[in-house]
1. Within the stretch 69-95, work out how many residues are part of a loop (DSSP other than H, G, I, E, B) and touching a helix residue (DSSP H, G or I) at 6+ places or on another chain (Cβ under 8 Å).
2. Of the residues Ile134, Ile200, only one is assigned to a helix (DSSP H, G or I), modelled with pLDDT of 80 or more, surrounded by 10 or more Cβ atoms within 10 Å (Cβ to Cβ) and in the same structural domain as Val21 (by TED's automatic domain parsing); which?
3. Evaluate the following for Arg177: is it exposed (fewer than 15 other Cβ atoms within 10 Å of the Cβ) and closer than 20 Å to Leu88 by Cα?
4. Within the stretch 147-169, can you find the residues that are surrounded by 10 or more Cβ atoms within 10 Å (Cβ to Cβ), aliphatic (A, V, I, L, M) and in a helix (DSSP H, G or I)?
5. For the stretch 110-124, how many residues meet the condition of being closer than 15 Å to Thr29 by Cβ and at pLDDT below 75?
6. Among Ile186, Ile207, Ile172, Ile212, which is β-branched (Val, Ile, Thr), farther than 30 Å from Tyr155 by Cα, assigned to a helix (DSSP H, G or I) and under 41 Å from the mean Cα position of the chain (by Cα)?
7. Please state which one of Ala79, Ala91, Ala18 is in contact with a Pro (Cβ under 9 Å, 6 or more places away or on another chain), within 28 Å of Leu151 (Cβ to Cβ) and at pLDDT 80 or above.
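The values are calculated or read from the model by the stated rules, or taken from the named source; none is laboratory data. Just so you know, these numbers come straight off a predicted model, no measurement behind them. Here the Cβ positions follow ideal geometry from the backbone for every residue, glycine too, while neighbour counts run over all protein chains shown.
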Amino acid sequence: MKTLNKICWILGLILGLASVVLFLTDFATITSAGKDVTLVGTELGFGATIEFGSAEVNMYKSSQILFCFLLTVLATFFAAASIKFKKLRYAAPIVGIISAIYMLVIALSSAGKFVDWQPLANVTKVEYAPFVLITAIVLFAFTVVTLAHLLIDDYLEVQASKGSKLTIPKRIVRFFRDYKSEVKKIVWPGWKDVAKNTLIVIVVCLIVGAFIWAVDYGLAKLLELILGV
């Protein structure tokens, strides 16, 4: 079990690094005036200067791709540090799944929506490279592996504690079981009480609203007198 746990950690780290590297591959091709310019993910995220013939154009930053890139770097860092700082093992799959879902949304959407080509004139086509979807897939794989590492590591801790601790799945089950028992203790008000309390809230809101309006109206008139408007 310890060997499997270490394999999951190493594999998660490899997938995380691979995801970061994939942002350095071709992400989008922009066609303008019959010329194609291909940009990598980091160029789209951090901005880049591209040439169309003799003209140089500064690309705006794609905040969405930059967001995914930074999340991917952060998730990889959490995965690497989790071997020493145990609490970070929770962060790696959480950040990883957010980045993976967001990256999948980008990959399945129109390229023009996330590749900021607004500064470019006469753009005829913007299309993604296959690496955009591959990056999303690798991020999902990273999330699965880091989650497996979390569950196995947690299981080993429970085994070492000789039953004094519960595994994460058992803690989740106990939480919902306790939640269900607490919900049963709730005393729901009847329709008469709901109607009565609702009426009281409406009346109080009207009174407070009228008071605020009166004060505001009076202060406005006083200000007009002082300023001579």
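1. Count: 3.
2. Of the residues listed, the single one that is assigned to a helix (DSSP H, G or I), modelled with pLDDT of 80 or more, surrounded by 10 or more Cβ atoms within 10 Å (Cβ to Cβ) and in the same structural domain as Val21 (by TED's automatic domain parsing) is Ile134.
3. no
4. Selection gives Leu147, Ala148, Leu150, Leu151, Ile152, Leu156, Val158, Ile168.
5. Counting residues in the stretch 110-124 that are closer than 15 Å to Thr29 by Cβ and at pLDDT below 75 gives 9.
6. Only one candidate passes the filter, namely Ile212.
7. Ala79
Per-residue answers, yes or no, for (1) of a type in the set (Lys, Arg); (2) closer than 30 Å to Ala160 by Cα; (3) part of a helix (DSSP H, G or I); (4) out of contact with any helix residue (DSSP H, G or I) (no Cβ under 6 Å at 6 or more places or on another chain):
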site	(1), (2), (3), (4)
Ile14	no, yes, yes, yes
Thr31	no, no, no, yes
Thr38	no, no, no, yes
Gly45	no, no, yes, no
